[in-house]
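A short write-up of the structure that comes next.
The values are calculated or read from the model by the stated rules, or taken from the named source; none is laboratory data. A quick note: this is a predicted structure, and the numbers were derived from the prediction, not measured. Ideal geometry is used to build each Cβ from the backbone, glycine not excepted, and the neighbour counts take in all protein chains shown.
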Amino acid sequence: MKAKILIVDDEPNNHLVYERILAPLNLDFVKALSGQEALDVAHKYNFFLILMDVQMPGMDGFETASLIIEDPKTSHIPIIFITDFSRDESLELRGYASGAVDFMVKPVNDDILRSKVKVFLSLSNERIQLKSALFIIQTSEERFRTLFEKSNDGIFIIDSDNHCYLDANKSAIEITGRSLTELQSLTCSEIFSEDITRGFDSITQSLPTKDFGAISFTRKDQKLRSARFNVIYLDDGTLVGIARDITDEQHMQLQLRRTQKMDAVGQLTGGIAHDFNNILGIILGNIELIQGQISEDDNIAKKIENIRKSAKRAADLTGQLLRFSGRQAISVESININDVITQMDTLIGRSVTPQIRIEYFFAEDLWSTSVDPGDLEDVLLNLIINAHDAMNGSGQITIETANYHIDEGFCRLNLGAVTGDYVLLAVSDTGSGIPADLQERLFEPFFTTKEEGKGTGLGLAMVYGFIKRSLGYIKVYSELNIGTTFRVYLPRASNVDNAVQQASLSTNCTSGGGEVILVVDDEAALLELAVETLENLGYNTITASNGEDALDRLQEHPEIQMLFSDVVMPGRLNGYQLAEKACARYPSLSILLTSGFTSKSAISDGQESFKAHLLNKPYAQAEMAGRISQLLSGEKTE
Ligand code: ADP
Ligand code: MG
């Protein structure tokens, strides 16, 4: 854009003269033929200079100039007077008095006029540049202020000489829990747990930033937290510290690692235990068959009974491992845990020494939860025995129940928790507490701090498995020498009516009367064992080694009255799916499923509708016989 100059002269020819002289400067000329016209136009444009004739009819140049200079909107425009009169000092002085910056007498020398105008032109250009630079500085200053004030990271301005805080933003105040004035009375080393100021020496102009990594700091409330800290050296000699509180993030990572570790251990344990369980099932089953064939006073009978007992112990241990891996078959019921605890009163009392007081706080109107009541009893006993062991003879155990809603905030802090309504069971003790570094290992199978023979390290592993199976959550709070609280969250039962009452098992061996049972198992030895057992009991059997086979057999043999199938099998159909298909095709067919565990896929695929038809592996013959005769006689538990 061209710079604008205003020429005020009552003689139009003079305008042309000036235009010619100034043409090389490439200006935008605005002309006024009188003082009044000049005043009007002066407001309109931003002129860098006014050339003003002195002698004009009406308002003369001096008067016009004074009015222009008096007006704050136009006062900044420089004015050069050009007059026809010969040099007259008094006139010149009047001109300067009215605010002119120069006074020229006609005829003006072209070069002089051009060079003077050029000076004003460059002055004006510089002013424009300066103004825009100032504007840029102002906005950048504002921008940095906003950045400083609004940043989520804590920003500290630190004096590089004495390492005191000069300024701090809002986040820095929040992170440290201290006011600006409090911060200003402190040095960096008073907040951070290590003397980071030693590291400041290495921050120089040539190496202006330093990452201190994660360092811990103490808040005003004495809470120890962790921050990632960076320091930047500024040219004015100050240091800028940038701190991001990463305590929660670190906590989450720790939780994630712990969960992943537990998952891996669970998978490994579950896999091995599942195979052991099958093997033990074969051993125990065969022993039972042998025991049925020899008389009790046979001299090997005792030895065989010893083998049976040992195998049974191994099966119990395997059961515990399966319970940790969260894969053991479950029979859930909708229960009120207050009732379960109340019924266990004597048992609880007997598991602790009399010097230990037990207090109960039961929530009234406690929601129901769908869990295996037997498992829940074991969980509670384990927690109580641990609490007892932590207390060295005397103290208090508090058992508390409550309704609890897990919200988003809880989930953010507790990895793996899911929002919703839960029933809370809390067991607290006034015992030794658990050191922080051990807390993350508590639930690992075989982790124990108890002396040889006293602890197995399977108690909390079992609790953990139960929590996983029940889709619950568990939290531990512990303070050294003060005590520990285990908080168990169990999902609120969605429908109170879905309670599945497990029919009580008749333990008498009820014999069959030639009914036909289809036995399905992928493990040949187990299949053989089941067949032998069933035939001994008086049933006829047909076998299949997978789901597809089983469907074929059912079609070929309409005389089959019962399907007795393993749950976890290779092939397209697992036991639940097979049961569903078979049920749909042959509604009168009785169904009994057996499993050492229920994998996740099995749970989603129909476990709900068949959970009452489940026989846990390894099963005793009597148990199996009881269930079969019960189902065949029509006492279906649906
Ligand atoms: P065990 O009781 O056989 O050692 P657990 O799995 O039940 O195995 O517990 C593992 C470990 O957790 C215990 O050895 C103990 O160190 C610790 N622990 C569990 N509960 C508590 C508690 N209430 N107070 C202190 N430490 C506990
Ligand atoms: Mg224990």
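Can you confirm whether Thr197 is in contact with a His (Cβ under 9 Å, 6 or more places away or on another chain), within 28 Å of Glu249 (Cα to Cα) and surrounded by 13 or more Cβ atoms within 10 Å (Cβ to Cβ)? Steps first, answer last, please.
Numbers: in contact with a His (Cβ under 9 Å, 6 or more places away or on another chain): yes; within 28 Å of Glu249 (Cα to Cα): yes; surrounded by 13 or more Cβ atoms within 10 Å (Cβ to Cβ): yes.
Spelling it out, Thr197 is indeed in contact with a His (Cβ under 9 Å, 6 or more places away or on another chain), within 28 Å of Glu249 (Cα to Cα) and surrounded by 13 or more Cβ atoms within 10 Å (Cβ to Cβ).
Tell me which residues, restricted to region 555-573, are closer than 23 Å to Thr533 by Cα and touching a helix residue (DSSP H, G or I) at 6+ places or on another chain (Cβ under 9 Å).
Quick first cut of region 555-573, residues closer than 23 Å to Thr533 by Cα only: 557-569.
If the condition is that a residue be closer than 23 Å to Thr533 by Cα and touching a helix residue (DSSP H, G or I) at 6+ places or on another chain (Cβ under 9 Å), then Ile560, Gln561, Met562, Leu563, Phe564, Ser565, Asp566, Val567, Val568, Met569 are the ones that fit.
Out of Glu126, Glu149, I need the residue that is among the acidic types (Asp, Glu) and without any contact (Cβ under 8 Å) to a residue 12 or more places away in the chain. Which one? So that I can check it myself, show each step before the final result.
On the way: Glu149 fails: without any contact (Cβ under 8 Å) to a residue 12 or more places away in the chain.
On inspection, the qualifying residue turns out to be Glu126.
To keep it simple, each residue is scored yes or no on (1) without any contact (Cβ under 8 Å) to a residue 24 or more places away in the chain; (2) under 23 Å from Val476 (Cα atoms); (3) exposed (fewer than 14 other Cβ atoms within 10 Å of the Cβ).
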site: Gln205; (1), (2), (3): no, no, yes
site: Lys220; (1), (2), (3): no, no, yes
site: Asp235; (1), (2), (3): no, no, yes
site: Arg244; (1), (2), (3): no, no, no
site: Thr247; (1), (2), (3): yes, yes, no
site: His251; (1), (2), (3): no, yes, no
site: Arg258; (1), (2), (3): no, yes, no
site: Met262; (1), (2), (3): no, yes, no
site: Gly266; (1), (2), (3): no, yes, no
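Just for region 99-145: of the residues that are surrounded by fewer than 12 Cβ atoms within 10 Å (Cβ to Cβ) and of a type in the set (A, V, I, L, M), which one is nearest to Thr83 (Cα to Cα)?
Ile112
Applying the selection to region 339-352, what residues are in a helix (DSSP H, G or I) and more than 16 Å from ligand 1 (Cβ to nearest atom)?
Kept after step one, since they are in a helix (DSSP H, G or I), are these residues of region 339-352: 339-343, 345-351.
Asp339, Val340, Ile341, Thr342, Gln343, Asp345, Thr346, Leu347, Gly349, Arg350, listed by residue number.
Mind checking which pairs have a first residue in region 443-464 that is farther than 15 Å from Gly270 by Cβ and a second that is within 8 Å of ligand 2 (Cβ to nearest atom) and acidic (Asp, Glu), Cβ under 9 Å, 6 or more apart or different chains?
Final answer for the pair search is Lys450/Asp389; Lys454/Asp389; Gly455/Asp389.
Got at least one residue in region 365-376 being under 22 Å from Gly483 (Cβ atoms) and more than 11 Å from ligand 1 (Cβ to nearest atom)?
So the first thing to find is which residues in region 365-376 are under 22 Å from Gly483 (Cβ atoms), and the list is none.
No - not one qualifying residue is present in region 365-376.
In the list Met52, Met59, which residue meets the criterion of being of a type outside the set (Phe, Trp, Tyr), in a strand (DSSP E or B), touching a helix residue (DSSP H, G or I) at 6+ places or on another chain (Cβ under 9 Å) and closer than 13 Å to Asp9 by Cα? I'd like the intermediate steps shown before the answer.
Numbers: Met59 fails: in a strand (DSSP E or B).
It is Met52.
Condition check: touching a strand residue (DSSP E or B) at 6+ places or on another chain (Cβ under 6 Å), within 21 Å of Leu460 (Cβ to Cβ) and of a type in the set (Val, Ile, Thr). Does Thr430 satisfy that?
Details: touching a strand residue (DSSP E or B) at 6+ places or on another chain (Cβ under 6 Å): yes; within 21 Å of Leu460 (Cβ to Cβ): yes; of a type in the set (Val, Ile, Thr): yes.
Answer is yes for this residue.
Checking Leu322 against (1) touching a helix residue (DSSP H, G or I) at 6+ places or on another chain (Cβ under 9 Å); (2) within 16 Å of ligand 2 (Cβ to nearest atom); (3) not in a strand (DSSP E or B), which test does it fail?
The failed condition is (2).
Looking only at strands (runs of 3 or more DSSP E) that fall completely inside region 507-569, which ones have 3 or more residues that are within 52 Å of the chain's Cα centre (by Cα)?
516-520, 560-566
Has region 501-514 got any residue that is outside the structural domain of Gly420 (by TED's automatic domain parsing), at pLDDT below 90, touching a Phe, Trp or Tyr at 6+ places or on another chain (Cβ under 6 Å) and more than 10 Å from ligand 1 (Cβ to nearest atom)?
yes
Within the group Leu383, Leu366, Leu376, Leu413, which residue is surrounded by fewer than 18 Cβ atoms within 10 Å (Cβ to Cβ) and either within 28 Å of Ala493 (Cα to Cα) or in contact with a helix residue (DSSP H, G or I) (Cβ under 8 Å, 6 or more places away or on another chain) (or both)?
On the way: Leu383 fails: surrounded by fewer than 18 Cβ atoms within 10 Å (Cβ to Cβ); Leu366 fails: surrounded by fewer than 18 Cβ atoms within 10 Å (Cβ to Cβ); Leu376 fails: surrounded by fewer than 18 Cβ atoms within 10 Å (Cβ to Cβ).
Answer to the selection: Leu413.
If Thr74 passes every condition in (1) surrounded by 13 or more Cβ atoms within 10 Å (Cβ to Cβ); (2) without any contact (Cβ under 8 Å) to a residue 60 or more places away in the chain; (3) touching a strand residue (DSSP E or B) at 6+ places or on another chain (Cβ under 6 Å) but one, which one does it miss?
That leaves (3) as the condition not met.
Which one is farthest from ligand 2 (Cβ to nearest atom) among residues in region 418-457 that are surrounded by 20 or more Cβ atoms within 10 Å (Cβ to Cβ) and aliphatic (A, V, I, L, M)?
Val423
Condition first: over 20 Å from Ile337 (Cα atoms), within 16 Å of ligand 2 (Cβ to nearest atom) and in contact (Cβ under 8 Å) with a residue 60 or more places away in the chain. Now tell me which residues in region 387-417 satisfy that. Working first, answer last.
Just the residues of region 387-417 that are over 20 Å from Ile337 (Cα atoms), to begin with: 388-396, 407-417.
From the residues that got through so far, the ones that are within 16 Å of ligand 2 (Cβ to nearest atom) too are 388-392.
Across region 387-417, the qualifying residues are Asp389, Ala390.
Take the conditions within 40 Å of the chain's Cα centre (by Cα), assigned by TED's automatic domain parsing to the domain that holds Ala550, at pLDDT 75 or above and not small (Gly, Ala, Ser) and apply them to Leu589. Does it pass?
Details: within 40 Å of the chain's Cα centre (by Cα): no; assigned by TED's automatic domain parsing to the domain that holds Ala550: yes; at pLDDT 75 or above: yes; not small (Gly, Ala, Ser): yes.
No.
Can you go through Thr541, Thr485, Thr594, Thr598 and tell me which one is at pLDDT 90 or above and in contact with a Lys or Arg (Cβ under 9 Å, 6 or more places away or on another chain)? Spell out how you get there, then give the answer.
Working: Thr541 fails: in contact with a Lys or Arg (Cβ under 9 Å, 6 or more places away or on another chain); Thr594 fails: at pLDDT 90 or above; Thr598 fails: at pLDDT 90 or above.
Only one candidate passes the filter, namely Thr485.
Can you give me the number of residues within region 424-463 that are more than 9 Å from ligand 1 (Cβ to nearest atom) and farther than 25 Å from His251 by Cα?
Qualifying residue count, region 424-463: 4.
Looking at Phe29, Phe47, Phe85, can you tell me which residue is touching a residue at least 24 places away in the same chain (Cβ under 8 Å) and more than 23 Å from Arg127 (Cβ to Cβ)? Spell out the reasoning first.
Numbers: Phe29 fails: more than 23 Å from Arg127 (Cβ to Cβ); Phe47 fails: more than 23 Å from Arg127 (Cβ to Cβ).
None of the others qualify; the one that does is Phe85.
Each row is one residue, and each column tells you yes or no for (1) at pLDDT 90 or above; (2) within 28 Å of Glu63 (Cβ to Cβ); (3) hydrophobic (A, V, I, L, M, F, W, C); (4) in the same structural domain as Asp236 (by TED's automatic domain parsing).
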| position | (1), (2), (3), (4) |
| --- | --- |
| Phe85 | no, yes, yes, no |
| Leu134 | yes, no, yes, no |
| Gln138 | yes, no, no, no |
| Glu142 | yes, no, no, no |
| Glu174 | yes, no, no, yes |
| Gly177 | yes, no, no, yes |
| Leu183 | yes, no, yes, yes |
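Determine if region 403-420 includes at least one residue that is closer than 30 Å to Leu224 by Cα, within 16 Å of ligand 1 (Cβ to nearest atom) and not assigned by TED's automatic domain parsing to the domain that holds Leu317. Working first, answer last.
So in region 403-420, the residues closer than 30 Å to Leu224 by Cα come out as 404-419.
Filter once more, keeping what is within 16 Å of ligand 1 (Cβ to nearest atom): none.
Taking every residue of region 403-420 in turn, none turns out to be closer than 30 Å to Leu224 by Cα, within 16 Å of ligand 1 (Cβ to nearest atom) and not assigned by TED's automatic domain parsing to the domain that holds Leu317.
From the list Gly270, Gly292, Gly285, which one is touching a Phe, Trp or Tyr at 6+ places or on another chain (Cβ under 9 Å), under 22 Å from Glu623 (Cβ atoms) and in a helix (DSSP H, G or I)? Give the derivation first.
On the way: Gly270 fails: under 22 Å from Glu623 (Cβ atoms); Gly292 fails: touching a Phe, Trp or Tyr at 6+ places or on another chain (Cβ under 9 Å).
Result: Gly285 is the single residue among Gly270, Gly292, Gly285 that is touching a Phe, Trp or Tyr at 6+ places or on another chain (Cβ under 9 Å), under 22 Å from Glu623 (Cβ atoms) and in a helix (DSSP H, G or I).
Which of the residues spanning region 458-479 are surrounded by fewer than 21 Cβ atoms within 10 Å (Cβ to Cβ) and within 14 Å of ligand 2 (Cβ to nearest atom)?
Those that are surrounded by fewer than 21 Cβ atoms within 10 Å (Cβ to Cβ) and within 14 Å of ligand 2 (Cβ to nearest atom): Leu458, Val476.
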